[in-house]
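Undergrad: One structure coming up, written as structure tokens, with questions to follow.
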Amino acid sequence: MFERKCPKCGRVIKYSSKKCLDRSIKKKRLCSICAGKARYVDGKHPYNYKGEKPPFERSCPKCGKILKHFTSASLKAIAKKGRTCRSCANKGENNPMYGRTGEKCPRYGTIGEKHPLFGVPVPEDRKKKISKHHKGIKLSEEHKQSLSRAAIKRIKESPGQFAPNYNLKSIPILQQVARDLGLNIQHAENGGEFYIKGLGYWVDGYDKEKNVVIEYYEKAHNRFREKDEKRKQEIMNFLKCEFIEIWEDGRGKIQSSN
């Protein structure tokens, strides 16, 4: 391996043979960065690496936007082809998917501004039909078998109850909260979750003597705030109990029916 320093910036240039080294010295060649031929240095473009701006500019032939180029070669090649900026290249008829009404796109079907339903809002009755259709989707046999295998695995690995389903990670948290508050709660791994027959609800933790309910909410429950609040009020009104909320993100709330 042969080396020499760039006569302009002093950066080390490496050569695989003595012949290449002698030729570069004779022609006083610069490094790829100073010559403007290098694409990236240390993960950055050479001009950005040196703190310089792209030296070559031209205007988009369609909208007049200033386009910058790092080398004269790229400027000439792109200008020769008459290329526009990215915004103009994907608008209207320049978009490859524009007006494809006679043929079907493999993913989206017939699309484009010439589609007869382009821009037409979906009626409410149509939305209801779509929703009803999705609720009645039939699962394939392969999908059913996959769900069955997952359920069997969960039942085998679960140290407590397997119906209703429960969060394994919530048990240590429920136990810790119960210890801190001096409660003796019934939960999924200690007698099974308490079932409220009058309401048809299962609760994560329940102390029958002190009449305290503890519920653990995962992050997904942020989407069901109203539903969970309604359920909580029903439980509190029915049991006349104290209700403790524990959230996965660390929040906590104690509320009494009184």
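Undergrad: So, of the residues in region 8-35 that are under 22 Å from residue 72 (Cα atoms) and surrounded by 13 or more Cβ atoms within 10 Å (Cβ to Cβ), which turns out to be modelled with the highest pLDDT?
TA: 24
Undergrad: What helices (runs of 4 or more DSSP H), lying completely within region 74-163, carry at least 1 residues that are of a type in the set (Lys, Arg), under 30 Å from residue 186 (Cβ atoms) and modelled with pLDDT under 75?
TA: 141-157
Undergrad: Would you check if residue 206 is farther than 22 Å from residue 250 by Cβ, more than 36 Å from the chain's Cα centre (by Cα), crowded, with 17+ Cβ neighbours inside 10 Å and in the same structural domain as residue 250 (by TED's automatic domain parsing)?
TA: Answer is yes for this residue.
Undergrad: Another one. Considering only residues that are modelled with pLDDT under 90 and either among the polar types (S, T, N, Q) or not in a strand (DSSP E or B) (or both), which ones fall in region 239-258?
TA: Listed by number, the residues that qualify are 248, 249, 250, 251, 255, 256, 257, 258.
Undergrad: Among the residues of region 175-187, write down those that are surrounded by 16 or more Cβ atoms within 10 Å (Cβ to Cβ) and over 21 Å from residue 234 (Cβ atoms).
TA: Answer for region 175-187, where residues must be surrounded by 16 or more Cβ atoms within 10 Å (Cβ to Cβ) and over 21 Å from residue 234 (Cβ atoms): 175, 177, 178, 183.
Undergrad: While we're on this one: Select from region 178-210 the residues that are in contact with a strand residue (DSSP E or B) (Cβ under 6 Å, 6 or more places away or on another chain) and among the aliphatic types (A, V, I, L, M) and list them in ascending order.
TA: Within region 178-210, 183, 185, 203 qualify.
Undergrad: Identify the single condition in (1) at pLDDT below 80; (2) on the phi > 0 side of the Ramachandran plot that residue 211 does not satisfy, given that it satisfies every other one.
TA: Result: residue 211 fails condition (1) only.
Undergrad: Being more than 37 Å from the chain's Cα centre (by Cα) and of a type in the set (Gly, Ala, Ser) is the filter here, so list the residues in region 190-203 that pass it.
TA: 191, 198
The values are calculated or read from the model by the stated rules, or taken from the named source; none is laboratory data. This is a predicted model, so every value here is computed, not measured. Neighbour counts run over all protein chains shown; Cβ positions are idealised from the backbone, glycine included.
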